[in-house]
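**Student:** To start, I am sharing the structure in question, which I have written as structure tokens.
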């Protein structure tokens, strides 16, 4: 029994095998069974949400829950996991009505509906079908500034949606600034 107990001790295994203690002989049973926190998780390629550089990022998730994020990122990008999982993270939109002095909380769905309604109302109010007999089919009351983290294909689709679908002519992209 004592021999069995001593043989499980990493120092004794190191002496018995004559090794330098950097291999499996230095591991206890507990150490051998350790697994990384993202073991068995699915991985999704993503883009760091902070600046417009578009650094690649690996996001590990299991059972619909974020586990960790990895990549060659700056200190802010390396904290993406904390950004999304911190208990103090705001999950509601702060909104202040016109002429109000108070902020109110809105759920994201309501806020997005308000934005969509206002974009559509601005388009309808300012849409020009013709000018001086020339066919225009455009609005200059709304604009779009795309993000540098989007790839060429995404920017192309956004441009088609906003020019063809909404008639917007003021479209630019942060990547060329």
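**Student:** Of 55, 74, 48, how do they rank once you tally other Cβ atoms within 10 Å and put the fewest first?
**Tutor:** Working: 55 16, 74 12, 48 20.
Fewest-to-most Cβ neighbours within 10 Å comes out as 74, 55, 48.
**Student:** Here is a further query. Within a 10 angstrom radius of the beta carbon, how do 60, 95 rank from fewest other beta carbons to most? Intermediate values should be presented prior to the final figure.
**Tutor:** Numbers: 60 20, 95 14.
The order, fewest Cβ neighbours first, is 95, 60.
**Student:** Now, a different point. Hey, fewest Cβ within 10 Å first, where do 53, 59, 169 land in order?
**Tutor:** Values: 53 12, 59 21, 169 15.
Ordered from fewest to most neighbouring Cβ atoms within 10 Å, 53, 59, 169 come out as 53, 169, 59.
**Student:** Something else: Hey, with R₀ at 41 Å, roughly what FRET efficiency would residue 7 and residue 85 work out to, going by the Cβ-Cβ distance, to 0.05?
**Tutor:** With a Förster radius of 41 Å, E is 0.45.
**Student:** With label points built 7 Å along Cα→Cβ from the Cα atoms of residue 161 and residue 136, find their separation and express it in nm.
**Tutor:** 2.5
**Student:** Further question on the same structure: Can you give me the P(r) profile for the chain? Cα pairs, bins 10 angstrom wide beginning at 0, each as a whole percent.
**Tutor:** All Cα pairs considered, the percentages come to 8, 18, 22, 20, 12, 7, 7, 5, 2, 0, 0.
**Student:** Give, in nm to one decimal, the length gained when the segment between residue 153 and residue 28 is fully stretched (0.36 nm per residue of separation minus the Cα-Cα distance).
**Tutor:** Values: separation 125, 0.36 × 125 = 45.00 nm, distance 5.16 nm.
Value of the extension gain: 39.8 nm.
**Student:** Taking only the Cα atoms of region 42-85, how large is their convex hull per residue, in Å³?
**Tutor:** 60
**Student:** Continuing with this model, one more query. Using only helices, what value at 222 nm comes out for the chain when you add -39,500 (n - 2.57) per DSSP H run of length 4 or more and divide by the total residues, to the nearest 500 deg cm²/dmol?
**Tutor:** Roughly -8500 deg cm²/dmol at 222 nm, from the helical runs in the chain.
**Student:** Relative contact order of the chain: what whole-number percent is it, with Cα pairs under 8 angstrom and at least 6 residues apart?
**Tutor:** After rounding, I find 12 percent.
Only the coordinates and a few stated rules stand behind these numbers; no lab work does. Values in this document were obtained by computation on a predicted structure and should not be read as measured data. We place every Cβ from the backbone using ideal geometry, glycine too, and count neighbours over all the protein chains shown.
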